[in-house]
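Rule-based calculations on the coordinates, nothing more; no lab input. What you are looking at is a predicted structure, and each value in this text was computed from that prediction instead of being measured. As a convention, Cβ positions derive from the backbone with ideal geometry for all residues, glycine included, and neighbour counts pool all protein chains shown.
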Amino acid sequence: MTYFDAKDYQAGAKFSLDLIEKIRAFNRRTIDALGARVYFYLQLFHENLDPQPPSEQSPVFDIREKLLSALRSAVLRKDQETQAATIVLLLRNYISTASITQADLLVAHNQFPLTASNNQVARYLYYLGRIRAIQLSYSEAHAHLTAATRKAPSSSVAAGFYQSSMKLLVVVELLMGDIPDRAIFRQPKLEASLAPYFKLVQAVRTGDLHAFTKATTANAAVFRRDGTYTLTRRLRQNVIRTGVRMLSLAYSRISLRDICIRLGIESEQSAEYIVAKAIRDGVIEATINHEKGFMETKRAGDVYATHEPADAFHERIQACLGLHDECVKAMRFPMNGRREELKTAQEARDREREIAKDIQDGDLDEDDVGDFEGL
C-alpha cells in the first residue's frame with residue numbers, strides 16, 4: 001500500500017515479485033491468505049506501469065505465466081482463496097488487453113470455488129458479465145451483472161465497484177431493448193457517475209438519433225475510460241429501431257421519405273431495410289408498400305392474447321427462484337465440516353481403545369499415559 005499510495009509502481013512491482021518468490025519457497029498453508037493478497041498487488045502495480053494496457057508491450061503480459069502457475073498450484077493444494085483470487089486477476093488481465101477468447105477459455109476450463117469470499121464472487125461475476133456482453137450474450141451478461149451489483153458491498157469504500165457494475169448493467173439493458181428504471185439514476189452514489197449514461201437512456205427511449213450522436217460524441221472520453229465505448233456504439237441500431245417503433249405507433253401510414261427525415265437516415269433504401277428488419281424481429285407490426293414507398297401499421301391486437309404476459313411472468317419467477325437458491329446456498333454449513341469432526345472423534349476413540357488395551361496387557365502403566373482426556 002505504501003508504494004501504491006506514493007505511486008511508485010516500479011518499486012511496488014519489484015517488491016511484489018520478490019515477496020511472491022519467498023512465499024512460494026515456504027509452501028505453508030498459513031500464509032495462503034497473504035499470498036492471495038500479494039498476487040492482487042502484483043497485478044495492480046503492473047497494470048499501472050508504462051506502457052499501460054491494451055498496449056502489446058504492457059508489463060501485464062509478463063505476469064500471466066506467474067498467475068497461471070499460481071492457479072495450478074492453488075488447485076493442487078486446494079487453496080481456494082488463492083484460486084479465486086488468481087482466476088479473478090487473470091480475467092482482469094485478459095480483459096485489459098482485449099484477450100476475450102482467452103478469458104472465455106479460462107472460465108470454461110476452471111471452476112470458481114464455491115467457498116470464495118463475497119468480494120471475490122462479486123468481482124468474478126462482474127468480469128464474466130463484461131465477457132458475455134462483448135460476446136453479444138446480453139441475457140447472460142445481464143444476469144451476471146445483476147448478481148454482481150447485489151453482492152457488491154453497501155459501504156462507501158466500494159462505491160467505485162458498484163458504479164462500474166451499474167454503468168455496464170445500464171448499457172446491457174439498453175442493448176437488450178429495455179429501459180433502466182429512472183430511480184437508479186437518482187441514487188446519491190450513482191447520480192454524478194451515471195449522468196452521461198442517463199443522456200444515452202433518454203436518447204434511446206425517445207428514439208432520437210441526433211441526441212444519441214451528440215451524447216456519444218460529447219462523452220466519448222468517459223465511455224472509453226469506463227470500457228463501455230464499443231458497447232455504446234452498438235446502441236445506434238437500437239435507437240433507430242425505437243424511433244421506427246414510435247413512428248409506427250404515432251402514424252397508421254408514413255412514407256419512407258418522412259422516416260428518413262425524422263430519424264436522420266441517409267437514404268430511403270436504408271430506411272426500407274431498417275423497417276423490414278424491425279418487422280422481421282417483431283419490433284413493429286407493419287407492412288411495407290415497396291411500389292408507393294410507405295410503411296403501413298397493422299391494427300394493434302389484444303396483448304393478453306399473446307405470449308408476452310407469460311414471458312414476463314416466467315422471467316420474474318426465474319429471478320425469485322435464483323434468489324432463493326442463493327439464500328439457501330449461503331445458509332449451508334461447510335460441506336466437509338461435519339465429516340472432519342466425525343473423523344477426529346473416531347480417531348480419539350480408536351486411540352483410547354489402544355491405550356486401554358495396552359494397560360490391560362501390561363505394556364503401559366497409568367502413569368505413562370499422562371493426562372489423556374479420553375481416559
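Details
- Within the stretch 149-174, the set of residues being of a type in the set (D, E, K, R) and either closer than 15 Å to residue 232 by Cα or touching a Ser or Thr at 6+ places or on another chain (Cβ under 6 Å) (or both) comprises 167, 173.
- Index of the failed condition, residue 129 passing every other in (1) under 22 Å from residue 224 (Cα atoms); (2) out of contact with any Ser or Thr (no Cβ under 9 Å at 6 or more places or on another chain); (3) assigned to a helix (DSSP H, G or I): (2)
- Residues that are aromatic (Phe, Trp, Tyr) and farther than 27 Å from residue 267 by Cβ, drawn from the stretch 192-228: 197, 198, 223
- Residue in the stretch 99-107 that is out of contact with any strand residue (DSSP E or B) (no Cβ under 9 Å at 6 or more places or on another chain), touching a residue at least 24 places away in the same chain (Cβ under 8 Å) and acidic (Asp, Glu) present: yes
- Residue check: residue 112 meets all listed conditions (1) without any contact (Cβ under 8 Å) to a residue 24 or more places away in the chain; (2) hydrophobic (A, V, I, L, M, F, W, C); (3) assigned to a loop (DSSP other than H, G, I, E, B) but one, namely (1).
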